[in-house]
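Read the figures in this text as sums done on the coordinates, not as results from a lab. Everything quoted here is computed from the prediction, not taken from an experiment. Here Cβ is always computed from backbone atoms with ideal geometry, including for glycine, and neighbour counts include all displayed protein chains.
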Amino acid sequence: MKSNAEAVKDQTPKTQPPAPKEPTPKANASKAERQPAARVAKEAKADADVEPADRLPTTVEELKESKSGLATFLFLSGKDKEDIAKELKAAFKLTDGQAVKIVRRITGRARFFQRALSLVAAK
């Protein structure tokens with residue numbers, strides 16, 4: 001049997017569609033306006049190829065000012081890992097866990113670079 005009554009739809013509000021994004025100024029900018037940005041990016045890339053001198057320590061004192069630098073210096077000087085952790089803990093007021101974690105991470109790297117230098121020197 002067919003019913004002549006129309007089906008009544010539930011009129012619950014649907015979620016509203018996301019508002020259309022407004023175009024960015026760059027998308028509407030002419031090619032001439034975008035050229036300086038491209039040039040700046042190219043110059044920045046050229047500068048990134050050369051490592052800045054201020055990023056690396058120039059003296060042993062500067063090296064010892066950082067946690068990783070001190071750990072590396074002490075490891076390459078021949079100290080045990082436990083002694084290095086104690087010195088880090090005292091110098092930078094770290095917990096035992098933090099000091100051990102830093103020592104483990106840095107000595108692994110230092111060992112790698114020490115090995116790499118010995119291989120290069122043997123060549």
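For the cross-link pairs 81/123; 67/89; 67/123; 79/123, the ones whose C-alpha atoms lie over 21 Å apart are 81/123; 67/123; 79/123. Computed about the Cα centre, the dipole magnitude for the stretch 66-122 is approximately 220 debye when only Lys and Arg (+1) and Asp and Glu (-1) carry charge, each at its Cβ.
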